[in-house]
There are 2 protein chains.
Amino acid sequence: MNKDSSLDYLVRVVSEEIHRSLSQGAPARGGEFCPWCAQACGGHCSAEVNRMVEVGANRVSALAPNASIDRSIASLIDHTLLKADAAYEDIRKICEEAKRYGFASVCINPSMVSLASRILANSPVMVCTVVGFPLGATLAEAKAFEAEASIMNGAHEIDMVLNIGALKSKDLVTLGQDIQLVVQACHTREAICKVIIETAYLTDEEKISACSVAKASGADFVKTSTGFGPGGASAKDVALMRSVVGDDVGVKASGGIRDWKVLQEMVQSGATRIGASASVKILQEAKSQSASNLPAPVGEGRTGNDYY
Amino acid sequence: MNKDSSLDYLVRVVSEEIHRSLSQGAPARGGEFCPWCAQACGGHCSAEVNRMVEVGANRVSALAPNASIDRSIASLIDHTLLKADAAYEDIRKICEEAKRYGFASVCINPSMVSLASRILANSPVMVCTVVGFPLGATLAEAKAFEAEASIMNGAHEIDMVLNIGALKSKDLVTLGQDIQLVVQACHTREAICKVIIETAYLTDEEKISACSVAKASGADFVKTSTGFGPGGASAKDVALMRSVVGDDVGVKASGGIRDWKVLQEMVQSGATRIGASASVKILQEAKSQSASNLPAPVGEGRTGNDYY
């Protein structure tokens, strides 16, 4: 497939996905009245959102019929420290915590990947890092280079921020090329790629476009937030994102998830991975509030990929 | 000079600079009493800061004896738009404003450099972009690649964020290598490099180290802030930075400079470039508060480099 036909294909897939998603998510369109809110809401009223949350919860239950939600919480969490002023000692601390509690990964900045990779060398905890972070506004080739270099330094997972400016300019071709280049850099090197759409900046229609383009571009996950934007994850957004990407792409909720209750809401809405810095506190809350056997025992294999 | 001797040289220069700067800036050390505050302040009391601000103001006057501070304000300013959700139309708008008012440059994200470069092709306004922005926590080679690619797309100036985590870990060798790689990428391609030290995260001693290392690594400017950290520029920090780098390196103040009064304070403290998004408002305020002939006429040559 040459470059032009690849682009045509992308645009067609995106258009169809957006159309399909909007149609599915909208019980009432045009001048029709929504059966839930009895207004011409275009399918975006709170009643419709509640319906989507229920759909998300059912889907998660169906995926893991024999697992209670609280049993494997630790292996759902990317234990995260992305502060600009994090020092080597801070990185050592979260790596030790990740090993102790069995988190899916540590999520750290690229310049700390090499250090974390050495500390975690003989553990099942993965190294996750971020690319084009947190603004997403750098060049596609710079993001791809950053992903490649990070993987060569030991990263297993790449959380990239999409080009929000391109999305705001309705330039879906540039948006898709940006993601494709990073996905390719990841998949060639056996790493997975999560695409951060930074929901706080987007309208619902833009969220749908972002998820559609990310899926069509080969992303393994879509992710709500960087934690550096004007807002974090919401159950509503997670449900919307899940409804767009279906069951074969993961949804990572991140940004402002600081307690066990909120984590549960995210999972019930369709999240299959959680980004959090308050991970240890969340586990302790979960343990105190349930009769679960947390944290889940850490097996020999890498556990983080089981959830998408 | 081989790699090891180059590193040894860097470490020696940095050590000497830090020692010299601390000695110069500290009228009282150890158990001695400061003549200004009459305490053992180590040279960091507010009286000492006021003295440095005066020194900065004198230095600026000496540099431009025939120019009133308000005459060439526009050519001091990098007209800045670094928001993650800036769309193409927003970039067009600030480029047109920069041409109209004669700002030194537009300061935008890398993915917008190509667009801005085309709009500004026949004007003296430069294109400035940011690297490793705003966290500074990516790999040195990724920053250098980002700088190179941005310059190839049309950028004349690169504002890089240094590795704050390395600085916090007292790893000055990594800190210096990171800056050197980007400076080299810039100077090879006739671009200038500003090093953002992100003052809000740093102690005074760390600010001095950062400026010393930046100067020893060949930076053309040191810059206070990204505008995305927990604080912006202060007159105190500008004066401190000026006292460390001397007269042959520029100082750019940025972050929170939203009115004419604050801009004046920055220049009086030693700033030779200003980063601002409220640039048009600042010019209008300056015009209304003085009998100046603002904005200064835009000449044939590029004006932004005249100030360091």
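Taking the convex hull of the alpha carbon atoms in segment B:141-291, what volume per residue do you get, in Å³? List each step's numbers first, then the result.
Numbers: hull volume 17.3 nm³, N = 151.
Dividing the Cα hull volume of segment B:141-291 by its residues yields 115 Å³.
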**Asked** If one computes P(r) from the Cα atoms of segment A:167-235, what percent of pairs lie at distances over 14 Å?
**Response** 58 percent
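Quote the total accessible area buried by chains A and B together, excluding ligands, DNA and RNA, probe 1.4 Å, nearest 100 Å². Working shown, then result.
On the way: alone 13750 and 13730 Å², together 24770 Å².
For chain A against chain B, roughly 2700 Å² becomes buried.
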**Coil-residue GluC sites (Glu not before Pro) of segment A:180-281, DSSP, other Cβ within 10 Å capped at 13** = A:E190
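In Å³ and rounded to a whole number, note down the convex hull volume per residue for the Cα atoms of segment B:106-152.
63 Å³
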**Message:** Using alpha carbons only, how many angstrom separate the centre of segment B:137-170 from the centre of segment B:91-110?
**Reply:** 22 Å
**Message:** How would segment B:105-196 be classified by its alpha-carbon gyration tensor: rounded, prolate or oblate, with rounded meaning a/c under 1.5 and the a/b versus b/c comparison settling the rest?
**Reply:** prolate
**Fill in**
Expected output for segment A:134-154, residues with a loss of 10 Å² or more in accessible area relative to the chain alone at probe 1.4 Å, reads A:P134, A:L135, A:A137, A:T138, A:L139, A:E141, A:A142, A:F145, A:E146, A:A149, A:N153
**Message:** At a cut-off of 40 Å², which residues of segment B:87-133 become less accessible once all protein chains are present than in their chain alone, using a 1.4 Å probe?
**Reply:** B:Y88, B:S111
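What ranking of B:F133, B:F145 comes out by heavy-atom accessible area, probe 1.4 Å, highest first? Walk me through the numbers on the way to the answer.
Details: B:F133 20, B:F145 60 Å².
The residues order as B:F145, B:F133, largest area first.
Heavy atoms only, probe 1.4 Å: what % of the accessible area of segment B:162-271 goes to carbon and sulfur, would you let me know?
Numbers: 1520 of 3330 Å².
Ligands and nucleic acids excluded, carbon and sulfur give 46 percent.
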**Request:** Skip the ligands, DNA and RNA, and give the accessible area per residue of segment B:155-272 with a 1.4 Å probe, whole Å².
**Result:** 29 Å²
**Item:** Accessible heavy-atom area order of A:D90, B:D171, B:D78, highest first, probe of 1.4 Å
**Value:** A:D90, B:D171, B:D78
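The values are calculated or read from the model by the stated rules, or taken from the named source; none is laboratory data. As the structure is a prediction and not an experimental result, all values here were calculated from the model. With ideal geometry, Cβ positions are generated from the backbone for all residues, glycine too; neighbour counts draw on all protein chains shown. Surface accessibility is based on the protein's heavy atoms, side chains included, excluding ligands, DNA and RNA. Shrake-Rupley method; radii C 1.70, N 1.55, O 1.52, S 1.80 Å.
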